[in-house]
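Below is one structure; the comments refer to it alone.
Read-outs: derived from the displayed coordinates by stated rules, not from any lab. Here the structure is a predicted model, which is why all the values come from computation and not from measurement. With ideal geometry, Cβ positions are generated from the backbone for all residues, glycine too; neighbour counts draw on all protein chains shown.
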Amino acid sequence: MAAPGLRLGAERLFAMPAVLELLSRSNSTSQAFAEVLRLPKQQLRKLLYPLQEVERFLAPDSRQDLHLRIFDPSPEDIARADNVFTATKGNRIDYVSSAVRIDHAPDLPRPEVCFIGRSNVGKSSLIKALFSLAPEVEVRVSKKPGHTKKMNFFKVGKHFTVVDMPGYGYRAPEDFVDMVETYLKERRNLKRTFLLVDSVVGIQKTDNIAIEMCEEFALPYVIVLTKIDKSSKGHLLKQVLQIQKFVNTKTQGCFPQLFPVSSVTFSGIHLLRSFIASVTGNLD
Ligand code: GDP
């Protein structure tokens, strides 16, 4: 446990640099995250809370449409989530198996989260970034045309399972919809679906098919905006506002807060790890 009094939301964190220093020296904080906490304030904010960074460029009356702080973990919780994602002897993080059909999927009792998105949206890069604290994990990618794409299962200690679903859209296997649809409909331990949208191009037609599936099965899902390092601030802001409006007006099951990420700069990765840890009951 970290010292009491560290459970502060993002805003207070930035107002109290001494808290960051205290947390960075706490025994429960990994060395990697301690180094993160020592970054200059603005760089740290951009890395941990990219959406709040975008907020600074918004007119005050459009801020209320953005649900920036529904999920606002304390730095202590972010550090705890990083520990969940860190491979150790007692917390093995491994590839389990792959399946092309739901009845071949491993029968794992743990809570599960899955990642879906168009081919090339940055899904394998994101999963690799999430697993960067477990460098032994091999995130398998089969991109050769004609190769059957599979659902890949990874276990994160005794905590939860991460499922990498085959990409849809261009060159998607014909049975993609059957595979993903059946999984989404039937997987009992599925706690959250992460639907990846490329921040450069926004929501595409094929993304709507995935959104409709999540809505139809009344699944709780989350939109993750990928490759934010590729967009200018203005472009990112425009995409965030458009997608937020879509989420607010056209969806039921989508979590109102968007999660922008970059697998290159790692911006948003810690927050996403915390959210996954939270929805699988590991930050309670
Ligand atoms: P997948 O088909 O969805 O698994 O996509 P990949 O992870 O293979 O990424 C597709 C392409 O986008 C690759 O060339 C990646 O290097 C690039 N890419 C993925 N994520 C990012 C990111 O966050 N930033 C940038 N600049 N490029 C990315």
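Which entries in the list 128/227; 89/123; 149/250; 123/250; 41/123; 46/227 go over 20 Å, if you measure between the two C-alpha atoms of each? It would help to have the intermediate numbers written out before the result.
Details: 128/227 14 Å; 89/123 27 Å; 149/250 30 Å; 123/250 24 Å; 41/123 29 Å; 46/227 14 Å.
Going by Cα-Cα distance, 89/123; 149/250; 123/250; 41/123 fall outside the 20 Å limit.
Given R₀ = 25 Å, FRET efficiency for residue 264-residue 100 by Cβ-Cβ distance, to 0.05? Can you show the working numbers first?
Working: r = 31 Å, r/R0 = 1.23.
Computed FRET efficiency for residue 264 and residue 100: 0.20.
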## Note on the structure
Taking the chain and counting helices only, DSSP H stretches of n ≥ 4 at -39,500 (n - 2.57) each over all residues, the nearest-500 ellipticity at 222 nm comes to -11000 deg cm²/dmol
### Summary
If one builds a Gaussian network model of the chain from Cα atoms under 10 Å apart, the most fluctuating residue listed among 189, 208, 248 is 208
### Summary
By Cβ neighbour count within 10 Å, fewest first, 223, 70, 203 rank 70, 203, 223
### Task
Could you pull the Rg and Dmax for region 26-280, using just the Cα atoms, both in Å?
17.6, 51
### Message
Can you compute the modelled spin-label distance between residue 38 and residue 88, with each label point 7 Å from Cα toward Cβ, in nm?
### Response
2.1
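Where nothing but the Cβ of Lys and Arg (+1) and of Asp and Glu (-1) is charged, how large is the charge dipole of the chain around its Cα centre, in debye to the nearest 20? Please list the in-between numbers first.
Values: 39 positive and 30 negative charges, 111 e Å.
With only Lys, Arg, Asp and Glu charged at Cβ, the dipole is about 540 debye.
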### Query
Counting Lys and Arg as +1 and Asp and Glu as -1, what is the net charge of the other residues whose Cβ lies under 11 Å from the Cβ of residue 252?
-1
